[in-house]
Amino acid sequence: MILALIITCEVGFWVLLAGGLALRYLAKMPRAGIAVLLLEPLLELVLLIATAVDLKNGAEADWKHGLAAVYIGFSVTMGHRMIKWADARFAHRFAGGPPPAPAPKYGRERTVFEWQSAGRWILAALIATGLLEAAARYVGDPAQTGSLRDWQTKMLFVIGISLVIAVSYTVWPKKAPEGHLPPGGADDREHVGAGRGPGDGPTG
């Protein structure tokens, strides 16, 4: 049941996303579109409640319960950004909005972008780890929580890899190729060549 519900939540996310954006930009019903998009968090709530009820009813904690906790953690952290990503592209395609700015590729902007990305992955892993810990304590029997602890170990790997990637861009910032012009124009060429850009954050 839990695995089927995870799949249903993922499908539901994309259905609500498509429906909300279609209402907002195609049907010219922005309030209705926003209302549909605001239903997204209910999917994670339903999955959380269903997982807790399943464990309460005596189900043995296994990898599916761990996957549910991980799914919730990453959906809570990444879901809003995914909605913004899709909204910007829908607005550009159907409502004459500006083209979405690409992610920075070089210099300080790319380093900041990588740290922000790492922060989201780390936060998602921490939320998942907290939910896994709550589930393990709820079950109580260490003999039945091995799969939950395995998922916690995987989340530590996610945190470690995210930090390694971000630190690598800090220690070895990616430099623009010769002749590349940054968004700020020719005056910023020297900064880009030195591994630094004119802005303070990502543009995508």
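Restricting the first member to the range 86-98 and to residues that are under 15 Å from ALA27 (Cα atoms), and the second to residues that are aromatic (Phe, Trp, Tyr) and at pLDDT 90 or above, the beta-carbon pairs closer than 7 Å and six or more apart or on different chains are PHE90/TYR25; ALA91/TYR25; PHE94/TYR25; ALA95/TYR25. Residues being assigned to a helix (DSSP H, G or I) and of a type in the set (Asp, Glu) are represented in the range 31-47 by at least one member. Looking at the structure I just gave you, is ILE159 free of Cβ contacts under 8 Å to residues at least 40 places away in the same chain and of a type in the set (Val, Ile, Thr)? The answer is yes for ILE159.
The values are calculated or read from the model by the stated rules, or taken from the named source; none is laboratory data. In this text, all values refer to a predicted model and were calculated from it rather than measured experimentally. Here Cβ is always computed from backbone atoms with ideal geometry, including for glycine, and neighbour counts include all displayed protein chains.
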